[in-house]
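Okay, so here's the structure we're looking at.
The values are calculated or read from the model by the stated rules, or taken from the named source; none is laboratory data. Note that the structure is a prediction, hence the values are computed from the model and not measured. Using ideal geometry, Cβ is built from the backbone for each residue, glycine included, and neighbour counts are taken over all protein chains shown. SASA here: full protein model, heavy atoms, side chains in, ligands and nucleic acids out. Shrake-Rupley method; radii C 1.70, N 1.55, O 1.52, S 1.80 Å.
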Amino acid sequence: STAADVSMPTPPNAPPQTNPATKQKLPAFDYTALVASVCEINQIAVPTKVETAVQADAYTLVLGLRGLDGKTAVHVSWHPDAARVALGSPPPRVHKTENLSFGEQTNAVLRDLILTEASVPTAWERVAVFSFAERPGADPKYKLRVETQGRNSNAILTQCGAAADRGDRFNNAGDKIVACAYQVGDKQTSVRPLSPGFAYSPPPQAPGAVPTGCDVDEFRLLVTNAAATAGAKKHRKKSNDKEEKEPETENNPNPPVANGIVRAFRGVSPALARSLLDDARIAASIGIDDLDENAWQLIHDEFARWSKQTQAMVDAICKANESDSMDPSNASKQELGCILKHARWHTKEGQLMPHQRSGETRCDGNTISLADAAASSAAASQNGLVDEYAFARQMPLPPVGVVFASVYGEASDVDVFRREKDRLAQGTKTALKKTKQKTTAFEAQIADAADFEKTKIKADEIMAYLHAYEAGSASMTVYDFETGEPREIEIDPLIGPNQTAEKLYKKARKRKRTAAAVEPLLESARSELRYLEQVEFTLAELDGTNSDDVLALEEISLELVDAKLMKPAGKGAAAAIREETRVQKGGKKGKGKGAVTQQKNKNNKKRVAREAAMSNVRKYVAPSGKEVLVGRNSQGNEAISLQLGQDQDVWFHVRGAPGAHVILRQQPGELAAAGDVQFAANLAAYHSKLKTGGKVDVSFTSPKFVRKPTGARLGMVTMDKEQVMTGRPDDTQPAEEERASGKKVGDAAW
């Protein structure tokens, strides 16, 4: 959500940004990064007042803070691939209905309290604790505990000194849990439940030795033994016997030294181990047996420099927490500001290194200085804020915050795209279900009303044979007007045949009126159904592989809101919903802030530029070099059919199913080549719901025979003078690209 509202700066020499949808391993937010980030938070954000707590997505909580020097924000994420805690951009503005439950609870508890302490309570464990009190120097009332431990990451809000009221069979010595980002009930674990009401207990301690205080010989022994253990692969033979077989061990004769460093010591991540080897100018994949005495000494020297600097950061944090945070001349705060002056970012491994590389006074090609990154992006971070913070005293982003905002920005983009696509897909699915129910009801009404003529004839027959009715009888015999065959008709004996016939006449007239009134409603519902099926297909085609997909998703969202099929979401949603509610209650449209905001959005230059750049249209080149345009969504389809298409062009659409509108561009007086026509027809088949059909019927005609019915939804058209040909979706360029990437398409998908 923050990526959509805030333009984040990218550090110089940072790794190139890849596609948001590309699945790749993100750098781990390890113990070193956690300590460095807590250093920054303690220096800049302690003490500050909590103004708001926002959880706009499933994995991120943003605390909006205000201090004497301005505003800042702490981002807490428990994403399985991008867990972190760091200073970042201001919290996003969301409607109250969009703030998820953990964010609501945190906001209710922490708002107006003071962040008085940021600490790493357990040495060499990836757990950060933030304390909140009513005023600086007071005892904390609540603590936010952030565990950045990969897929086990979590954020837990606890009440200090409160007794647990659940879990008698567990350890109840800790603070009472008030809220959890990810809850683990007592039925899911027998050791450490994480749920409101239970007592908080820290996660189990990681195995390994403490990194500080070992000489080179001890370091070599620990790493060698750990590498041998890491290289052993245990597996069990399958057996039908009840007795369990002894595990067999397959040893790696020369295990990598990096694996040994990771397993031997606490607080060491694989990326850190490889970065230390790189700093020692040793290959990351080198084995234990390939190291000589000099190599072991170089590795130990870098390891010792890292552990010493990391421990120095932890000591500085503890010293700052024990000092007076309100003292402007606080030496501990100044020490926190200097502790990261030699910190580097290892671009090859994606690892924060807190110390200077041995024997060098400047960074090399594999690393960048955090100080340089902060200096170059301070202005950008100030100028890239959202509108509501434009005139506020916003603090610049510090170096660690800048780097991790850049590194983990992709994970946020992927989550935002997926979440927004899921939201629109769910809204479309709900609207489809309602429209189908409406269509079925209208069809039933028309079917029921279709026999009004039979009801009228039945009444005529009663009136024609009144003389044959016997008083008090519940039926009478009449004769069919056409065949003359006798049959019985029920008569209400209480009102007689005259009144019974009158009731039938009245019923027939009502059914006739119903048929006339419901038929246009049925046609409108069917048109709505076709439109929603088209939107559903368009959403399914978007995968976020390029920026055009993101823009197309935004356009679909605006389109559904304009069609009154979904409520506004995101920035400005609250004002838009209030304005809509006010208009529905009888107010005049155009008054108030909501209407002004909507008008500003419509006149937004960025949106106009996107439309002008044809972001809703895909472009292909036919075999002869002619241009083929394919609609990306409803707006693109309408633009192709009604604006871009000329009389000499050829218009295509898959027959009888949702799909993209396609035109083959032609010069006046030219005849389309058969190869070009087949090329465009194949694309129309591929960009449709029938893309797995192998051979698909495709309609084509001239754009001059394509028109939009009055009152039809966006992108819905009709055509005359239709011709039909066969399209082959498997014979298209995008299908070949999918096959090359390993995806199944066309007949192969079956």
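Table for the structure above
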read-out: Sole residue being in a helix (DSSP H, G or I), closer than 30 Å to VAL561 by Cβ, among the small types (Gly, Ala, Ser) and open to solvent by less than 40 Å² (accessible area, probe 1.4 Å), chosen from ALA431, ALA459; value: ALA431
read-out: Residues satisfying the stated conditions in segment 92-118, i.e. hydroxyl-bearing (Ser, Thr, Tyr) and open to solvent by less than 20 Å² (accessible area, probe 1.4 Å); value: THR106
read-out: Residue pairs meeting the criteria (Cβ under 6 Å; at least 6 apart or on separate chains; first open to solvent by 10 Å² or more (accessible area, probe 1.4 Å), in segment 632-644; second in a helix (DSSP H, G or I)); value: ARG632/ALA552; GLN635/GLU555
read-out: Residues located in segment 60-91, provided they are assigned to a loop (DSSP other than H, G, I, E, B), of a type outside the set (D, E, K, R) and either surrounded by 24 or more Cβ atoms within 10 Å (Cβ to Cβ) or out of contact with any helix residue (DSSP H, G or I) (no Cβ under 7 Å at 6 or more places or on another chain) (or both); value: LEU68, TRP78, ALA82, ALA83, GLY88, SER89, PRO91
read-out: Tally of residues being open to solvent by 20 Å² or more (accessible area, probe 1.4 Å), in contact with a strand residue (DSSP E or B) (Cβ under 6 Å, 6 or more places away or on another chain) and aliphatic (A, V, I, L, M) across segment 666-725; value: 6
read-out: Positions within segment 106-122 being touching a residue at least 12 places away in the same chain (Cβ under 8 Å) and over 23 Å from ARG151 (Cβ atoms), in sequence order; value: ASN107, VAL109, LEU110, ARG111, ASP112, LEU113, ILE114, LEU115, THR116, GLU117, ALA118, SER119
read-out: Candidate set: segment 262-304, residues that are in a loop (DSSP other than H, G, I, E, B) and of a type in the set (S, T, N, Q); chosen: the one least open to solvent (accessible area, probe 1.4 Å); value: SER269
read-out: Residues located in segment 305-325, provided they are open to solvent by 20 Å² or more (accessible area, probe 1.4 Å) and either in contact (Cβ under 8 Å) with a residue 12 or more places away in the chain or in contact with a His (Cβ under 9 Å, 6 or more places away or on another chain) (or both); value: ARG305, LYS308, GLN309, GLN311, ALA312, CYS318, LYS319, ASN321, ASP324, SER325
read-out: Count of residues meeting criterion [open to solvent by less than 70 Å² (accessible area, probe 1.4 Å) and either under 12 Å from ILE462 (Cα atoms) or in a strand (DSSP E or B) (or both)] in segment 472-490; value: 6
read-out: From PRO520, PRO493, residue being in contact with a Ser or Thr (Cβ under 9 Å, 6 or more places away or on another chain) and either open to solvent by 60 Å² or more (accessible area, probe 1.4 Å) or closer than 30 Å to ALA660 by Cα (or both); value: PRO493
read-out: Candidate set from segment 454-471 (those that are among the basic types (Lys, Arg) and in contact (Cβ under 8 Å) with a residue 12 or more places away in the chain); member that is farthest from ILE495 (Cα to Cα); value: LYS456
read-out: Qualifying positions in segment 659-689 - among the small types (Gly, Ala, Ser) and more than 20 Å from TYR531 (Cα to Cα); value: GLY669, ALA672, ALA673, ALA674, GLY675, ALA680, ALA681
